[in-house]
1. Determine how large the accessible area of Met176 is when every protein chain is in place; take a 1.4 Å probe and give Å² rounded to the nearest 10.
2. Per residue, what accessible area does the stretch 2-305 have, given a 1.4 Å probe and all protein chains present, in Å²?
3. 7 Å from Cα along Cα→Cβ at both Lys124 and Ser7: what's the point-to-point distance in nm?
4. Scale the Cα Rg of the chain by the rule-of-thumb value 2.2 N^0.38 Å and send over the ratio, two decimals.
5. Taking amide H positions as placed 1.01 Å from N in the peptide plane, with prolines and chain starts having none, which residues 5 or more places from Ile132, or on another chain, fall under 5 Å of its amide H?
6. Comparing Pro257, Pro286, Pro45, which has the greatest mean-square fluctuation in the GNM of the chain with Cα pairs linked when under 10 Å apart?
7. Please go through the residue pairs Lys20/Lys93; Lys161/Lys251; Lys21/Lys280 and name each one whose alpha carbons sit more than 21 Å apart in this structure.
8. What does a probe at Trp153 reach in the stretch 176-200, counting residues whose amide N is under 19 Å from the point 7 Å along Cα→Cβ?
Amino acid sequence: MGEIKVSPDYNWFRSTVPLKKIIVDDDDSKIWSLYDAGPRNIRCPLIFLPPVSGTADVFFRQILALTGWGYRVIALQYPVYWDHLEFCDGFRKLLDHLQLDKVHLFGASLGGFLAQKFAEYTHKSPRVHSLILCNSFSDTSIFNQTWTANSFWLMPSFMLKKIVLGNFSSGPVDPMMADAIDFMVDRLESLGQSELASRLTLNCQNSYVEPHKIRDIPVTIMDVFDQSALSTEAKEEMYKLYPNARRAHLKTGGNFPYLCRSAEVNLYVQIHLLQFHGTKYAAIDPSMVSAEELEVQKGSLSISQEEQ
C-alpha cells in the first residue's frame, strides 16, 4: 500500500512546487505552510484548507490539474491556533501578507467549517468571494465532543491520533479509496501533538455558522453518498443553511474524494469557478479561457442580472 506517496504524480508535485513557510503573527512559533502554484498575476486565487488529519499536500491532485488549466491555486497548512477567532485573525494577516484582497475557498471537513467562520468574521469587509464546502459541517455540536474540546491539549499524541482514526472508513473500500486512507494516515503521522490537539479543539469547540452574515456568497456543497464521517443530519443541515447553494454529489469517495475521486472533484471545482470567468475575481488566467467560453459566460451573467 502507500501507492500515492510513491506515485509519479506526487513526486512530480513535490519536486516542482516549493513548500513556503510564512510567519504573520507576533508569535514566531505560528508558521503557515503553503504551496502557491499557477499564474501570480491572478489576484483572487482558490485556496484549499485541509481537514484535521491533512497537510497542505493532500490537495496535490487539485494543484497539478487546476494549474495546468491556468488557475492560481494555494494549498495551506495551519499553524497551532486554539480558537476560531485566533485562526480568523491569523488567516486575515496571511492574506494581507500575500496581498490578496479576496479569495475563493475550498474547505474539506474542518477546513470547510473554518472557511465559513472566516467568511463570517470578515463579512463587514468581505475577503471571501465564494466557498466550496467538501464533506463539511456548520455546527461543531454534531460531533458530541464539545465537552472534551478543552482537554485535547492535555492528551498525548497517540490518543489524539486514535480519535482521528476512529472517523476513517473501516469497512471494505475500493483500491483508490484504500490508497487515499493510507496517504491520510501517513499525513496524520507527520503532525505533532500540539498541531493535532489544536485542530481537534477547533473541530469540536462549541461554535456554529451564522448564515445571515454570509448569505450573499456563492456556495457549492460537495458531498459523497457513501460512508463518510458526516452524518445525514449534518448534510441536511448544510442544505438548509445554504438553500441556494449548488450541489456537487459524488456517488462514492468516502472522507477524501479530492484524493480518490480527483477527476470528479476537479470538474466540480471548475464548474464552480466558471461563474467568475471574465470578472476581476476570476481565479484563472484570462489567456487560458477561450473567447467563446467568455461570451457564453457574459451572456449567462447578463441573463441572471436581468432576472434579478
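1. 110
2. Result: 44 Å² of accessible area for each residue.
3. Reported label-point gap for Lys124 and Ser7 is 4.5 nm.
4. Output field value: 0.96.
5. Answer set, sorted by chain and number: Leu105, Phe106, Gly107, Thr220.
6. Of Pro257, Pro286, Pro45, the most mobile in the Gaussian network model is Pro286.
7. Lys161/Lys251; Lys21/Lys280
8. 192-200
The values are calculated or read from the model by the stated rules, or taken from the named source; none is laboratory data. All of these numbers come straight from a predicted model, not from anything done at the bench. Here Cβ is always computed from backbone atoms with ideal geometry, including for glycine, and neighbour counts include all displayed protein chains. Quick note on the areas: whole protein, heavy atoms, side chains included, nothing else; ligands and nucleic acids left out. Shrake-Rupley method; radii C 1.70, N 1.55, O 1.52, S 1.80 Å.
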